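This report refers to the structure that appears directly beneath it.
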Amino acid sequence: MRGRTTRTAWALAGGAAALTLLTATGAHAEGRGDIRVVQTVVNKGGNVIVGTTKKVTFPIALTIKDNSGVKGVSDADTFNTAYGWGFFERAGTSCVKKSHTTSVCTVTMTADPAWIRQSDDMDSNKLAGVWQVDATVKANDGDYWISDRIAEYKVKRASRLTTDASPEPVAKGAKLTVTGKLSRANWEDLKYHGFTGQDVRLQFKAAGAAHYSTVKTVRTGDAGKLSTKVTATSAGSWRWYFPGTTTTARVVSAGDAVKLK
């Protein structure tokens with residue numbers, strides 16, 4: 001769904017009574033009968049990460065119940081909660097019957113980074129953050145339910161991180177310089193730019209070990225650059241780890257293996 005989302009209520013056939021609800025969170029719902037969305041899972045519970053070039057496709061799984069059985073999803077939107085604007089389009093919907101009363105309908109959404117630049121009068125990067133799902137579902141007996149904000153999830157800007165340790169090889173007990181760069185997708189020009197002022201963890205894994213451990217935390221400088229010195233006590237691999245923010249994805253660099261002389 002690109003552009004601002006507007007929810008239009010359905011007309012009620014034959015003058016049947018409708019039920020309208022406003023939840024404590026401000027979400028709006030209305031419809032007729034006993035059909036309900038009882039669970040919504042976006043992207044299998046993970047964040048949606050959007051970069052600068054590749055299209056991103058992700059599922060929204062709706063568990064729907066009605067005593068007559070579920071006919072399907074007639075409408076589904078997703079957009080930024082704060083701004084009421086989105087750049088995803090529905091690519092398709094499929095439903096799997098789980099019982100006489102319950103079906104899981106999966107709505108597939110697609111985002112093309114090129115669409116983001118079409119936003120008017122706002123910084124497209126502000127669309128990173130909390131998004132919501134709206135849906136209209138229908139039952140076999142004509143019941144329907146229109147729900148706003150049946151789920152919230154996060155859309156984040158993709159990030160990149162590099163690591164370089166030198167000199168290689170290094171003498172035991174000598175100083176090793178580990179550099180790198182943290183950058184993230186800019187949805188205004190569809191390029192990656194350095195991300196300054198962020199805490200990034202330097203991690204080390206000794207040769208033959210199974211896991212990395214954090215050695216220190218370093219803050220990114222101009223253009224997202226990282227640099228620090230450590231003492232080389234054993235051979236192993238060095239990497240940077242960025243835990244992410246509410247709008248930027250976490251990222252781990254590839255390890256740079258350093259041998260001792």
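Residues that are open to solvent by 60 Å² or more (accessible area, probe 1.4 Å) and without any contact (Cβ under 8 Å) to a residue 24 or more places away in the chain do occur in region 116-125.
Listed here are the residues, each with its yes/no results for (1) over 30 Å from Trp85 (Cα atoms); (2) at pLDDT below 95; (3) in a strand (DSSP E or B).
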{"residue": "Val130", "(1), (2), (3)": "no, no, yes"}
{"residue": "Val137", "(1), (2), (3)": "no, no, yes"}
{"residue": "Asp148", "(1), (2), (3)": "no, yes, yes"}
{"residue": "Lys156", "(1), (2), (3)": "no, no, yes"}
{"residue": "Arg160", "(1), (2), (3)": "no, no, yes"}
{"residue": "Thr163", "(1), (2), (3)": "yes, no, yes"}
{"residue": "Thr177", "(1), (2), (3)": "yes, no, yes"}
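The set of residues in region 182-234 being crowded, with 16+ Cβ neighbours inside 10 Å, modelled with pLDDT of 95 or more and over 18 Å from Leu161 (Cβ atoms) consists of Ala232 alone. Close contacts from region 191-206, counting a first residue that is aliphatic (A, V, I, L, M) and a second that is in a loop (DSSP other than H, G, I, E, B), with Cβ to Cβ under 9 Å and a gap of 6+ residues or different chains, come to Val200/Thr220; Val200/Pro243; Ala206/Thr233; Ala206/Ser234; Ala206/Ala235.
Across region 74-91, the number of residues qualifying as touching a residue at least 60 places away in the same chain (Cβ under 8 Å) and either within 16 Å of Ile146 (Cβ to Cβ) or open to solvent by 50 Å² or more (accessible area, probe 1.4 Å) (or both) comes to 8. Of Lys54, Lys65, Lys71, all but one fail to be surrounded by fewer than 18 Cβ atoms within 10 Å (Cβ to Cβ) and modelled with pLDDT of 90 or more; the exception is Lys54.
The values are calculated or read from the model by the stated rules, or taken from the named source; none is laboratory data. Just so it is clear, the structure is predicted and the values come from calculations on it, not from any experiment. Virtual Cβ from ideal backbone geometry, glycine too; neighbours counted across all protein chains shown. In case anyone asks, the SASA skips ligands and DNA or RNA and just uses the protein heavy atoms, side chains included. Shrake-Rupley method; radii C 1.70, N 1.55, O 1.52, S 1.80 Å.
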